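The values are calculated or read from the model by the stated rules, or taken from the named source; none is laboratory data. Please read all numbers here as calculations on a predicted model, not as lab measurements. Using ideal geometry, Cβ is built from the backbone for each residue, glycine included, and neighbour counts are taken over all protein chains shown. Side chains included, ligands, DNA and RNA excluded: accessible areas come from the protein's heavy atoms. Shrake-Rupley method; radii C 1.70, N 1.55, O 1.52, S 1.80 Å.
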Amino acid sequence: MTTTSKIRPLQPDDNQQLGTIIRQVLEEFRANKPGTAYFDKNLYELYSAFAIPNAAYWIVEVNGSVAGGAGIFPVPGLPPAHCELVKLYLLPEARGLGLGKQLIAQCLQSARDLGYSHVYLETLPELEQAIPLYEKMGFKYLPAPLGSAVHFGCSIWMIKEVQ
């Protein structure tokens, strides 16, 4: 069977499905703990959360169904011209197809288009499949978080220059 995929902007109808995917993936990797996106109060209202200036969120569909997404967000407390790569989650059927790389590339392009110079991210050791992808995409490790970390459960911090 041929797999078809596409990346498109987040829509209001995606809220419930996307929130469920994020929780499901964090449970799968046993990363559903305090200080992670699992407990974000706006997890099922991401369309509204990203409907602000200088933010963008992209959905990936596999065979016509929402299978994950990723976005960039102007997190308060980051240095000027920095945004954060946030909420990159893919269902198992969307992994290994190059879709994570495509989502990150889309987010990096959005960051450039919005005038950001750097994209920052925070992650967890439990999300071991994502870390090599971040490395391949040119993210470099930081010794500590930038700004005031919202997700205090994260212990890996990375950054990439985009301009």
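A few points about this structure:
- For the chain, the 222 nm mean residue ellipticity estimated from helices alone, with every DSSP H stretch of n ≥ 4 adding -39500 (n - 2.57) and the total spread over all residues, rounds to -7500 deg cm²/dmol.
- Summary of packing: across the peptides 64-76, 127-139, 17-29, the per-residue average of other C-beta atoms within 10 Å ranks them, highest first, as 64-76, 17-29, 127-139.
- For the pair the stretch 99-163 and the stretch 37-95, the centres of their Cα atoms are 12 angstrom apart.
- In sequence order, the stretch 114-128 has phi-based couplings of 8, x, 6, 9, 9, 10, 10, 8, 10, 8, 10, x, 4, 8, 5 Hz under the Karplus curve 6.51 cos²θ - 1.76 cosθ + 1.60, θ = phi - 60°, and Gly or Pro positions carry x.
- Accessible surface, the chain, averaged per residue in Å² (probe 1.4 Å): 49 Å²
- Residues whose placed amide H lies under 5 Å from that of Ala67, excluding near-sequence neighbours: Val60, Glu61, Val62
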